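Let me begin by presenting the structure, written as structure tokens, before commenting on it.
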Amino acid sequence: MIYMVVFLPVYIIGRIIIVKTGKKPRNFVREVFLAVFFLYSFALAVLLFKPAYGIDLVDLMKGNHSGANPPNFIPGQTIKMYLDSTNLIGLGARAENLFGNLFCFTPIGFGLPLLWKRWQRFWAVFLFGLIAPLFVETIQYFTARYADIDDLMLNCIGVTIGYIIYKLIFWLSRVLPRLSA
């Protein structure tokens, strides 16, 4: 929460400076969406990069991962474990992990093309949706978080879902006015 208290004033001051020095008129609704998107991005970064408790980061830098979960490089292994109803992990924890990884990057899939024209092509968004989670998983490996190829796959699917939502909203915004005319 303290991160948000610091981030929000810095963001607002920065945007005011950019808006005041810019020559193009600004759209208030776009500015609100932009603020929400950056707030989401900042909150996501804090959530994803916070080191695990009880892990000595000096040991991690030396290559000793004894206190951290070992990384998973086998596609589908964690997903299969969570879907297996006989394991000891509670349903809530399984759902939180699967749906959390699936939907935590979904706002990127519709936020990027909604806010910036250069991100309106699927491959640009998908490539970003592949590189950003790969970066996250790499950083998590070095910060005693659980690095998992399944998280990367679910994050990419989430970005794709977000892009599909964007395209659906874009399509509906063009079709609905024609239907009512």
- Item | Options ARG145, ARG174; residue that is buried (at least 20 other Cβ atoms within 10 Å of the Cβ) and modelled with pLDDT under 95 | ARG145
- Going through the stretch 139-155 in order, the residues found to be in a helix (DSSP H, G or I) and farther than 18 Å from SER41 by Cα are TYR141, PHE142, ILE149, ASP150, MET153
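Looking at the stretch 79-96, which of its residues are buried (at least 17 other Cβ atoms within 10 Å of the Cβ) and out of contact with any helix residue (DSSP H, G or I) (no Cβ under 6 Å at 6 or more places or on another chain)?
none
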- Item | Options LEU179, LEU83, LEU127; residue that is modelled with pLDDT of 90 or more and either at positive phi or not assigned by TED's automatic domain parsing to the domain that holds SER41 (or both) | LEU127
- Only residues that are assigned to a loop (DSSP other than H, G, I, E, B) and modelled with pLDDT under 90: list them for the stretch 55-80, please. ILE55, ASP56, LYS62, GLY63, ASN64, HIS65, SER66, GLY67, ALA68, ASN69, PRO70, PRO71
- Single residue of the stretch 86-115 satisfying the filter (under 15 Å from PRO133 (Cβ atoms) and not in a helix (DSSP H, G or I)) that is nearest to the chain's Cα centre (by Cα): PHE105
- Within the stretch 1-45, can you find the residues that are modelled with pLDDT under 80 and either assigned to a helix (DSSP H, G or I) or of a type in the set (Val, Ile, Thr) (or both)? ILE2, TYR3, MET4, VAL5, VAL6, PHE7, LEU8, VAL19
- Looking for whichever is surrounded by fewer than 18 Cβ atoms within 10 Å (Cβ to Cβ) and either at pLDDT below 95 or closer than 22 Å to ASN27 by Cβ (or both) here; the options are ILE157, ILE169, ILE164, ILE108. Which one fits? ILE169
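The values are calculated or read from the model by the stated rules, or taken from the named source; none is laboratory data. In this text, all values refer to a predicted model and were calculated from it rather than measured experimentally. All Cβ positions, even for glycine, are placed from backbone atoms using ideal geometry, and neighbour counts span all protein chains on display.
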